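Reviewing the structure listed below.
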Amino acid sequence: MSASETIAVVPRQSGAWRRAVLRGGGRLAATVALAIIVIFVLLAMSADDPAAALGSLLSGPFTSSFRTGQWLSDSANLMLSGAAVAMVFRAGQFSLGAEGQILVGALAAGAAVLHLPSFPGVFVVGLTLGALAGFLFGLVPGLMKAYGGSDEIVSTLMLNYVATYGFALLINRYLQPASAGYPVSDFFDPAAFLPSLRIGQLTIGLALPFAIGCCVAVWYLINWTKTGFEMGAVGASVPFAQATGMRVRRSVWLSMALSGLIAGLAGAVIAEGSTHRLIVGLSANIGFDGILVALLTANRPLLIPLAAVAYGYIRTGGDIAQLSSGIPREVITTLQGFLILAVTARAPLAWIRHRAGRRRPAHGGPVIPGPAPLRAAASSQRTGS
Amino acid sequence: MVATTRSSIGSGFSVLMTNHDLATVEPHGAGEPPTGPPYRLEAVKLSKAYGQLTANHEVSLRVTSQSVHAVLGENGAGKSTLMKMLYGVEQPDSGQIRLDGVPVKLPNPKAAVAHGIGMVFQHFGLVPSLTAAENIALGVEPGRPWRIDKREILDSIGALSDAMGLHVDLKRPVARMSTAQQQRVEILKALYRGARVLILDEPTALLTPQERRALFDAVRRLTEAGTTVLFITHKLSEVAELADDVTILRRGHVVGHGRHADFNTAQLVELMVGGRPVTARRAPAPLPTAPKAASFTGLSVTGSQGREAVHGVSLDLREGEVCGLVGVDGNGQLEFLEGIAGIRPVTAGRIEIGGVALRRWTHRRARAAGLGYVPEDRLSAGVVPAFPIVDNMFADRITYGGYRRHGRLDKSRMRSEAVRLIEDFDIRCTGPLQPAERLSGGNIQKVVLAREISRGPKVLLVAEPTRGLDIGAAARIHEALADAAREGTAILVLSSDVDEVLAISSRICVFHEGRLVADLVNGDEVTAEIIGALMLGSAEDGPADSPAASPADVAPPAAGGGA
Ligand SMILES: Nc1ncnc2c1ncn2[C@@H]1O[C@H](COP(=O)(O)OP(=O)(O)OP(=O)(O)O)[C@@H](O)[C@H]1O
Ligand SMILES: [Mg+2]
């Protein structure tokens with residue numbers, strides 16, 4: 001009756017990992033392909049010359065090295081934002097505050113570099129302060145949830161308004177030059193620009209490797225550290241976390257604050273690397289698009305660079321197409337909405353799989369119809385690797 | 001009596017009426033071809049594999065109409081898998097399912113329901129925020145699509161529940177119901193959908209002795225009214241009490257089947273666990289000089305309803321002691337345990353573990369002071385179903401900084417130690433990376449026990465240690481607890497099975513109305529009757545039908561014996 005006969009060989013870690021990545025990648029490719037079909041339908045309805053419009057949408061980022069650089073820079077910002085969101089979703093907290101945290105981070109970084117005397121490396125001070133500001137701005141709803149039981153979805157969405165209007169107000173009060181007609185600051189000193197690398201005509205900002213590094217760091221935190229393990233457990237089951245002695249509250253506020261830290265960094269990177277000054281609308285919706293990027297990868301940090309580059313391509317292509325062939329902004333926004341639907345509405349996929357007879361519901365139980373809850377999606381990603 | 005029952009149903013409820021009419025109006029064999037045996041439900045050589053693991057191999061099952069059929073077998077034998085195939089949740093790889101001799105395909109539970117099959121899973125699938133009535137009628141509401149006839153729903157369900165003796169408050173949200181009440185809702189839900197074959201997966205595992213008796217009464221009434229019942233259990237006493245026929249599974253194979261009367265207990269045990277000797281060891285009482293492991297003084301604990309559930313209870317534990325906590329459900333023994341564990345607020349009193357008294361008593365501190373805790377509800381608090389076995393096994397140690405090397409989690413060491421525990425506790429799985437949700441119910445319980453025993457606690461709190469475990473596994477857990485006690489762990493065991501407490505503990509503490517009313521040294525002179533009387537609050541004249549006086553369960557083997 002020994003159990004040894006029923007214990008199979010432990011699957012090799014690398015194999016399982018590779019399969020997971022392949023599966024994630026395949027799904028991503030399918031979603032993107034679907035998106036392209038939808039874009040074309042939309043273009044056919046809205047553009048005078050759909051083919052040209054599609055052309056500029058699809059090839060836009062490659063038409064000049066400036067545009068390619070723009071694409072990669074946008075992708076880096078998306079990566080950071082996506083990493084921030086994935087991290088907090090994996091911890092089971094549905095913080096939607098990345099948008100506000102980005103603004104706060106940008107503001108802190110911008111205020112610092114505008115006021116500090118210029119010296120080489122001053123941009124690091126900006127990044128640090130941006131991260132710190134984001135951390136604190138994420139900590140607030142984290143503490144509210146951990147100790148006051150407030151719902152993080154509501155509190156973070158509300159704080160986004162605080163950040164958006166606070167950002168404009170503070171620029172207007174303290175940083176806006178007299179000549180400017182709307183909330184915008186002076187340009188930073190070039191020492192405060194994020195360094196970039198010039199390869200021929202192409203400029204690649206430090207932001208890109210930095211963002212990839214952040215994704216790896218989030219992956220490491222979630223999979224290889226005690227704190228990350230606790231966050232995952234709290235995200236999956238609070239009663240379990242409690243009954244095994246975990247610090248549930250700490251995990252709640254810490255995950256939200258760390259997510260804020262990454263988002264704050266993203267804000268600083270946008271200010272120092274892309275806009276080079278503080279300006280209303282600086283975030284260009286990166287905070288919410290980060291949610292999309294995270295969902296596209298089902299919160300797998302190592303897939304985020306891929307998803308961010310793909311989605312950044314669509315974003316940049318859309319901007320270019322809007323300029324060059326007059327595709328309305330709405331088409332791009334519609335596309336984004338469609339992508340969110342395609343990613344979050346898993347029911348049709350599950351149904352197809354069920355028809356194919358390859359999958360069963362996990363553990364007995366009558367299946368209650370309805371949308372797959374986000375929480376389950378966020379917590380089911382843990383594997384033993 | 002049956003006839004009147006039925007007319008009362010008939011007044012407001014047509015779905016069930018039709019079905020039960022069908023079941024009674026067409027007696028089997030009447031219009032059937034003579035070749036077809038009159039089996040209500042039949043599984044013919046069903047096989048099912050999960051990857052490499054064969055959960056069911058050519059399993060055949062014959063259930064006679066209006067009978068109660070018990071399915072027995074050790075943990076992971078494939079019982080739940082078989083039931084899931086009969087309910088369309090899982091698809092057999094090969095084999096056939098027949099209803100009244102006619103082959104049927106059950107691609108999903110909906111099809112099974114359409115064929116009059118209902119199932120109550122061990123882990124219920126009710127919507128907590130909806131009321132009992134809403135849960136029962138969900139998806140099959142009578143009335144127009146745009147207007148649900150609530151009155152009719154309440155009337156028809158009420159008639160059904162009266163007829164079957166399944167009493168629940170239909171207007172109460174399920175979230176505020178006890179396990180037994182939720183189970184009744186589940187049964188009513190199946191019946192409301194017209195189930196004439198009712199499958200119950202370990203229905204008694206979560207019930208108190210009184211609730212179990214009520215369930216059995218309901219089952220008898222159901223079979224009288226034409227329903228056929230198929231149920232899984234690990235307790236042979238329940239088989240004796242209720243079942244007409246039995247089928248025994250081992251490692252996915254049918255190893256025995258027939259009328260229950262044709263088997264004696266020893267044969268059933270032999271078939272279930274393959275002849276392994278099954279014994280429980282009572283831990284010897286520690287010497288009075290044994291050092292104190294823990295002391296609890298004047299503890300008051302708040303219960304779920306916000307009222308005080310434990311009133312100033314004091315208790316000292318010595319190293320190596322196995323102390324059984326018993327009481328009729330709801331008398332504070334569970335709250336006492338959870339209070340000590342730091343899961344529930346302790347409003348007054350002092351807790352000392354290993355000589356250390358802590359000011360703010362939280363579960364985290366309790367564990368740091370050397371406490372182990374097996375929660376009552378293993379699926380929500382015991383494990384994370386989606387996590388692999390290894391993560392579930394070491395979660396407690398990871399959070400205190402264990403299993404780290406060079407600052408990161410040492411997963412290879414975790415895995416190799418998990419493999420060792422899997423062998424020690426005989427957990428049937430494909431390896432340490434298998435998610436807990438893919439384990440059988442009993443094996444999930446073993447994962448929790450492996451975690452808590454292997455951390456080597458000074459004081460181990462265990463709620464319902466062998467709930468859902470088969471006879472052999474239960475004996476092995478008792479063995480492991482005795483081993484831990486021998487190494488000096490003080491163990492506090494709460495069990496609703498008095499015979500289990502009698503079998504393994506050196507000392508027995510009886511709770512009544514939130515107070516410790518008796519604290520006895522266990523010995524041959526202590527019997528289930530004595531404990532039962534104490535549980536009801538009187539030492540002298542315990543009524544004959546005290547919970548403990550029910551026939552002794554064979555699992556676990558009783559040392560004290562029953563009525
Ligand atoms: N979804 C699944 N994937 C892989 N293996 C599974 C799955 N479900 C069950 N198993 C395996 O199939 C075997 C039989 O499981 P099953 O749940 O039928 O056992 P059981 O007889 O009900 O046991 P118990 O008494 O412990 O509930 C077990 O070894 C289990 O690990
Ligand atoms: Mg089972």
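Odds and ends about this structure:
- From A:Ile286, A:Ile279, residue being more than 14 Å from chain B (Cβ to nearest Cβ), over 30 Å from B:Arg455 (Cα atoms) and open to solvent by less than 30 Å² (accessible area, probe 1.4 Å): A:Ile286
- All positions within the range B:89-110 that are touching a Phe, Trp or Tyr at 6+ places or on another chain (Cβ under 8 Å) and either more than 14 Å from every other protein chain (Cβ to nearest Cβ) or more than 26 Å from B:Gln122 (Cβ to Cβ) (or both): B:Arg98, B:Asp100, B:Gly101
- Qualifying residue in the range B:427-434 (condition: more than 8 Å from every other protein chain (Cβ to nearest Cβ) and surrounded by fewer than 19 Cβ atoms within 10 Å (Cβ to Cβ)): no
- Among the residues of the range B:201-216, the one identified as at pLDDT 90 or above and more than 16 Å from ligand 2 (Cβ to nearest atom) is B:Phe216.
- Some residue of the range B:162-171 being more than 16 Å from ligand 1 (Cβ to nearest atom) and in contact with a Pro (Cβ under 6 Å, 6 or more places away or on another chain): no
- Residues satisfying the stated conditions in the range B:392-412, i.e. more than 22 Å from B:Pro435 (Cβ to Cβ) and of a type in the set (Lys, Arg): B:Arg404, B:Arg405, B:Arg408
- Of the residues making up the range B:495-517, those that are farther than 24 Å from B:Asp483 by Cβ, in a strand (DSSP E or B) and either at pLDDT below 85 or open to solvent by less than 10 Å² (accessible area, probe 1.4 Å) (or both) are B:Val510, B:Phe511.
- Output for the range B:443-497, where each listed residue is within 13 Å of another protein chain (Cβ to nearest Cβ) and within 16 Å of ligand 1 (Cβ to nearest atom): B:Asn443, B:Ile444, B:Lys446, B:Val447, B:Val448, B:Ala450, B:Asp470, B:Ile471, B:Gly472, B:Ala473, B:Ala475, B:Arg476
- Checking A:Cys215 against (1) of a type in the set (A, V, I, L, M, F, W, C); (2) more than 14 Å from every other protein chain (Cβ to nearest Cβ); (3) open to solvent by less than 10 Å² (accessible area, probe 1.4 Å); (4) more than 24 Å from the chain's Cα centre (by Cα), the condition it does not meet: (4)
- Among the residues of the range B:369-391, those that are more than 7 Å from chain A (Cβ to nearest Cβ), small (Gly, Ala, Ser) and part of a loop (DSSP other than H, G, I, E, B) comprise B:Ala369, B:Gly370.
- Some residue of the range A:177-190 being out of contact with any strand residue (DSSP E or B) (no Cβ under 6 Å at 6 or more places or on another chain) and part of a helix (DSSP H, G or I): yes
- For the range B:48-83, the candidate set comprises residues that are open to solvent by 20 Å² or more (accessible area, probe 1.4 Å) and touching a His at 6+ places or on another chain (Cβ under 6 Å); within that set, the residue that is farthest from ligand 1 (Cβ to nearest atom) is B:Ser65.
- Candidates in the range A:220-258 are the residues that are open to solvent by 10 Å² or more (accessible area, probe 1.4 Å) and aromatic (Phe, Trp, Tyr); of these, the one that is nearest to the other protein chains (Cβ to nearest Cβ) is A:Trp224.
- The lone exception for B:Gly116 - which of (1) small (Gly, Ala, Ser); (2) open to solvent by less than 20 Å² (accessible area, probe 1.4 Å); (3) within 28 Å of B:Ile444 (Cα to Cα) it fails: (3)
- Failed item in (1) within 16 Å of ligand 1 (Cβ to nearest atom); (2) open to solvent by less than 10 Å² (accessible area, probe 1.4 Å), with B:Glu202 passing the rest: (2)
- Tally, over the range B:53-67, of residues that are more than 15 Å from B:Gln91 (Cα to Cα) and either touching a Phe, Trp or Tyr at 6+ places or on another chain (Cβ under 7 Å) or within 14 Å of ligand 2 (Cβ to nearest atom) (or both): 3
- Checking each residue in the range B:392-424 for being more than 9 Å from chain A (Cβ to nearest Cβ), basic (Lys, Arg) and outside any helix (DSSP H, G or I) picks out only B:Arg405.
- For A:Val85, the requirement of being among the β-branched types (Val, Ile, Thr) and under 15 Å from the mean Cα position of the chain (by Cα) is met.
- Residues satisfying the stated conditions in the range A:274-301, i.e. assigned to a helix (DSSP H, G or I) and farther than 17 Å from A:Gly134 by Cα: A:Ser274, A:Thr275, A:Asp289, A:Leu292, A:Val293, A:Ala294, A:Leu295, A:Leu296, A:Pro301
The values are calculated or read from the model by the stated rules, or taken from the named source; none is laboratory data. Just so we're clear, the structure is a prediction, and the values are computed from it rather than from any experiment. Cβ atoms come from the backbone with ideal geometry, glycine included; neighbour counts cover every protein chain shown. Remember, those area values only see protein heavy atoms, side chains included, never the ligands or the DNA or RNA. Shrake-Rupley method; radii C 1.70, N 1.55, O 1.52, S 1.80 Å.
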